[in-house]
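The values are calculated or read from the model by the stated rules, or taken from the named source; none is laboratory data. Quick caveat, the model's predicted, so the values are computed rather than measured. Glycine also receives a Cβ, built like all others from the backbone with ideal geometry; neighbour counts cover every protein chain displayed.
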Amino acid sequence: MTLSNYKGKKTQQGIGIVEFLIALALIGVALVFVYANATKATGKSANQQIANEVQLIKSSSTAWRGSLLTYTGISSIALTGTDLLDSSWGAGSGINPVGGNYTVAVSASDAAAMVITVTGMGNEQCAGVARTLDPSAAAGTTSSCTSGTLSITFR
């Protein structure tokens, strides 16, 4: 064999730029998919945590009221002061999973009802938490979301 037999034949020596760019694009698409699903899962987790904590406030408030006919005087401070909520809750400021506040107060229109308010959520998140909590709201009431603030009435 002589060298002239191999003249003009090319041998591949690694990956080309096109193959590299295709692989990079596929990795990018996979990362976008993973990020989107992780964000959605985190949001669902925060929504469930908020719903659970509102239910905890509700049950603590019911225990606080006891045999009284009204919720007059109810507050986060009253609940933590009687050890119905952990002292870390304090006044309910900045403690929910999205950094907002929880407040509990007697309903202005019915002293036998209380209103729990959650702040700091986006509008979509607020609507999702409201849908979760609506079945346990006081009869004849619905929760409301305004500018990421949820208000829900319980008896």
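In segment 1-23, the residue that is modelled with the highest pLDDT out of those that are surrounded by 10 or more Cβ atoms within 10 Å (Cβ to Cβ) and either among the hydrophobic types (A, V, I, L, M, F, W, C) or touching a strand residue (DSSP E or B) at 6+ places or on another chain (Cβ under 9 Å) (or both) is Ile22. Residue pairs whose Cβ atoms lie under 7 Å apart, separated by 6 or more positions or on different chains, with the first residue in segment 72-97 and on the phi < 0 side of the Ramachandran plot and the second assigned to a helix (DSSP H, G or I) and among the charged types (D, E, K, R), are Asn96/Glu53.
Take segment 143-155 and flag every residue that is touching a residue at least 12 places away in the same chain (Cβ under 8 Å) and of a type outside the set (Gly, Ala, Ser).
Residues of segment 143-155 that are touching a residue at least 12 places away in the same chain (Cβ under 8 Å), as a first pass: 143-145, 147-155.
Hits for segment 143-155 are Cys145, Thr149, Leu150, Ile152, Thr153, Phe154, Arg155.
All conditions in (1) modelled with pLDDT of 90 or more; (2) surrounded by fewer than 18 Cβ atoms within 10 Å (Cβ to Cβ); (3) more than 27 Å from the chain's Cα centre (by Cα) hold for Asp83, with the sole exception of (3). Of all residues in segment 113-142, those satisfying the criterion of being under 23 Å from Thr80 (Cβ atoms) and either free of Cβ contacts under 8 Å to residues at least 40 places away in the same chain or among the aliphatic types (A, V, I, L, M) (or both) are Ala113, Met114, Val115, Ile116, Thr117, Val118, Thr119, Gly120, Met121, Val129, Leu133. Between residues in segment 52-71 that are touching a residue at least 40 places away in the same chain (Cβ under 8 Å) and over 24 Å from Val129 (Cα atoms) and residues that are β-branched (Val, Ile, Thr) and not in a loop (DSSP other than H, G, I, E, B), which pairs lie under 7 Å by C-beta distance while being six or more apart or on different chains? Close Cβ pairs satisfying both conditions: Thr70/Val106.
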